[in-house]
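The values are calculated or read from the model by the stated rules, or taken from the named source; none is laboratory data. Only a predicted model underlies this, so the values are computations on that prediction, with no experimental measurement involved. Here the Cβ is made from the backbone with ideal geometry for all residues, glycine too, and neighbour counts use every protein chain on show. Quick note on the areas: whole protein, heavy atoms, side chains included, nothing else; ligands and nucleic acids left out. Shrake-Rupley method; radii C 1.70, N 1.55, O 1.52, S 1.80 Å.
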Amino acid sequence: MKRNGTWKSILCILLLLCALLSGCAGQGTAAPPAEETGYFTLSVNPEIRVEYDREGKVVSLTGQNDDGKEIVDGYRDYIGKDCRTVVEELVTAIYQAGYFVADVDGRENSVLIQVASGAMVPNDGFAADLGDGARETVEALQLTAGVVTIGGSDYDPAYAANGGASPYITLEKAQEIALTQANVAAADAVFEDRDFDFERGTPVFELEFTANGVAYEYDIHAGTGQVLKAEAQVIPTPNAAQPTPSGVYDASDYGLTQPTATP
């Protein structure tokens, strides 16, 4: 009997070790918990961070600058609302506060909606749906402001490190932002210079293009898509009515010819 008790004790110990080893192995291979919330940023001049849950319902708003804080302070009824609805109401509030002014290159500020790189989204069409809501609101308010959205496919995978999300948007998206702000159709634009560089630590796309007789220069923040610089200048054209110099001049070239006397 004593011998049987010893074997039972050994068996219990072995089973306990197996259970412990199995638990440790399971902990090492367990998948990380899914993100419960994501966020996007709405920028005009006010900049507002919108946090949402897995169903696309808003859970919090945060003003990212003083203007954004002012808009958020005046907008209370947003918890639990659909993200598209909140975007529409925020754009309206920004308009009513007088922020859609000819501030950048003589045109109204564009609406920029940026879903954070690598953020959880409720569905594949999330960013596009937010953009559609903003466009419909802009049109209803009879504004000329453009709308640009930045989503998952708009980040350049070449800059992703160690399997993480890319921090920078693509060159194509930077060009779209510049063209939208300039109100220039892509088919009319000829890009002459497209550089990616760091200016005092800020990642910047430096873009130069011409369209419809105007030369444009834009600096676009490669991380946020914000317009940092915008310049436009009409390209001078030769005066068709002015005669081409021949190298030989007489009084007629200076308008000094007297009328011929009638005999």
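Annotations for the structure displayed:
- Qualifying residue in the range 174-182 (condition: touching a Ser or Thr at 6+ places or on another chain (Cβ under 8 Å), outside any helix (DSSP H, G or I), in contact (Cβ under 8 Å) with a residue 40 or more places away in the chain and of a type in the set (S, T, N, Q)): no
- Considering the range 127-145, and only residues there that are of a type in the set (S, T, N, Q) and not in a helix (DSSP H, G or I), the residue that is surrounded by the fewest Cβ atoms within 10 Å (Cβ to Cβ) turns out to be GLN142.
- Failed item, numbered, when ASP124 is tested on (1) acidic (Asp, Glu); (2) part of a loop (DSSP other than H, G, I, E, B); (3) in contact with a Phe, Trp or Tyr (Cβ under 9 Å, 6 or more places away or on another chain): (3)
- Total residues in the range 75-100, condition without any contact (Cβ under 8 Å) to a residue 40 or more places away in the chain and either under 29 Å from ALA230 (Cβ atoms) or aliphatic (A, V, I, L, M) (or both): 7
Matching residues to (1) at positive phi; (2) open to solvent by 60 Å² or more (accessible area, probe 1.4 Å); (3) touching a Leu at 6+ places or on another chain (Cβ under 6 Å); (4) in a strand (DSSP E or B):
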| position | (1), (2), (3), (4) |
| --- | --- |
| VAL148 | no, no, yes, yes |
| ALA161 | no, yes, no, no |
| PRO203 | no, no, no, yes |
| GLU206 | no, no, no, yes |
| TYR218 | no, no, yes, yes |
| GLY223 | no, no, no, no |
| LYS229 | no, yes, no, yes |
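- Qualifying residue in the range 220-238 (condition: of a type in the set (Lys, Arg), in contact with an Asp or Glu (Cβ under 7 Å, 6 or more places away or on another chain) and at pLDDT 95 or above): no
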